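Structure first, commentary second.
The values are calculated or read from the model by the stated rules, or taken from the named source; none is laboratory data. On a predicted model such as this, the values are computed, not experimentally measured, just so you know. Glycine gets a Cβ as well: all are built from the backbone with ideal geometry, and neighbour counts include every protein chain shown. All accessible areas refer to the heavy atoms of the entire protein, side chains included, with ligands and DNA or RNA removed. Shrake-Rupley method; radii C 1.70, N 1.55, O 1.52, S 1.80 Å.
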Amino acid sequence: MKVHFGISRIELVQGDIAQQQVDAIVNAANAQLAGGGGVDGAIHRAAGPTVMEETRTRYPLGCPTGDAVATGAGKLTVKFLFHAVGPIWRGGREQEADLLRSAHRRSLQFAAKHDCASIAFPALSTGAYRFPVDLAAENALDETRTFLLTHPDPLIVRFVLFDAGTYAAFARVLDGFIQ
Ligand code: APR
């Protein structure tokens with residue numbers, strides 16, 4: 001599914017984030033930048049050890065929740081990895097939605113700063129961090145739409161959803177934007 005916002009667009013695909021041919025891939029990292037399973041595991045496995053070496057050297061203090069840091073991409077053919085830290089879901093009263101929006105915004109700002117024409121996001125926080133998928137889709141897509149409508153250069157933002165249920169949740173929200 002593809003929807004245009006001004007000169008830019010949002011795409012939804014079902015697949016593996018580590019296989020995307022884009023300028024930048026967003027990793028679902030933790031605040032320690034310590035690596036893990038899910039998206040984090042898939043990206044580090046595909047990229048090789050240089051990425052973890054770079055995060056350790058350049059960001060020894062990790063990355064706060066709601067923020068992101070940039071590294072090279074090792075063996076991946078993309079130009080950059082942006083390691084974004086989404087919030088752990090704690091029931092919705094600890095600014096989780098704002099923090100999820102901020103993790104997207106920071107990654108999009110990095111894409112702009114590094115002149116990326118395309119960027120791929122996973123469904124941040126919806127796996128190990130247990131953020132409800134419908135609410136995550138609403139916040140991720142609305143924050144991205146807001147960014148694209150004010151960003152002066154064309155940018156393709158692809159959400160790469162692993163399973164059919166997550167794809168359907170994102171598709172429902174994106175569909176709602178064009179009704
Ligand atoms: N490609 C795309 N999406 C994937 C992939 C993949 N290869 N693997 C898993 N997913 C999906 C999950 O099904 C989920 O919908 O990505 C979404 C995010 O899941 P997680 O990777 O668990 O990310 P998150 O919920 O943000 O938790 C981050 O998990 O791996 C650790 O180090 C990471 O501590 C951090 C935490």
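Inspect the range 90-109 for any residue being surrounded by 13 or more Cβ atoms within 10 Å (Cβ to Cβ), in contact (Cβ under 8 Å) with a residue 24 or more places away in the chain and more than 19 Å from D142 (Cβ to Cβ) and give the result as yes or no.
No, the range 90-109 has no match at all.
Within the range 52-88, which residues are at positive phi and open to solvent by 10 Å² or more (accessible area, probe 1.4 Å)?
Once the filter is applied, which keeps residues that are at positive phi and open to solvent by 10 Å² or more (accessible area, probe 1.4 Å), the range 52-88 yields G62, G74.
State all residues of the range 13-26 that are surrounded by fewer than 23 Cβ atoms within 10 Å (Cβ to Cβ) and either more than 15 Å from A112 (Cβ to Cβ) or of a type in the set (F, W, Y) (or both); if no residue qualifies, say none.
Those that are surrounded by fewer than 23 Cβ atoms within 10 Å (Cβ to Cβ) and either more than 15 Å from A112 (Cβ to Cβ) or of a type in the set (F, W, Y) (or both): V13, Q14, G15, D16, A18, Q19, Q20, Q21.
Name the residue that is surrounded by the fewest Cβ atoms within 10 Å (Cβ to Cβ), counting only residues in the range 127-166 that are in a helix (DSSP H, G or I) and near the ligand (Cβ under 10 Å from one of its atoms).
Per the stated criteria, the residue is G165.
Please give the strands (runs of 3 or more DSSP E) falling wholly within the range 1-103 in which 3 or more residues are more than 19 Å from A128 (Cα to Cα) and more than 13 Å from the chain's Cα centre (by Cα).
Ranges flagged: 2-5, 8-14.
Test D115 against the criterion of being acidic (D, E) and not in a loop (DSSP other than H, G, I, E, B), and give yes or no.
So D115 fails the test.
Quick check on the range 32-51: of everything there that is more than 8 Å from the ligand (Cβ to nearest atom) and hydrophobic (A, V, I, L, M, F, W, C), which residue is most open to solvent (accessible area, probe 1.4 Å)?
Only one residue tops the list, namely A46.
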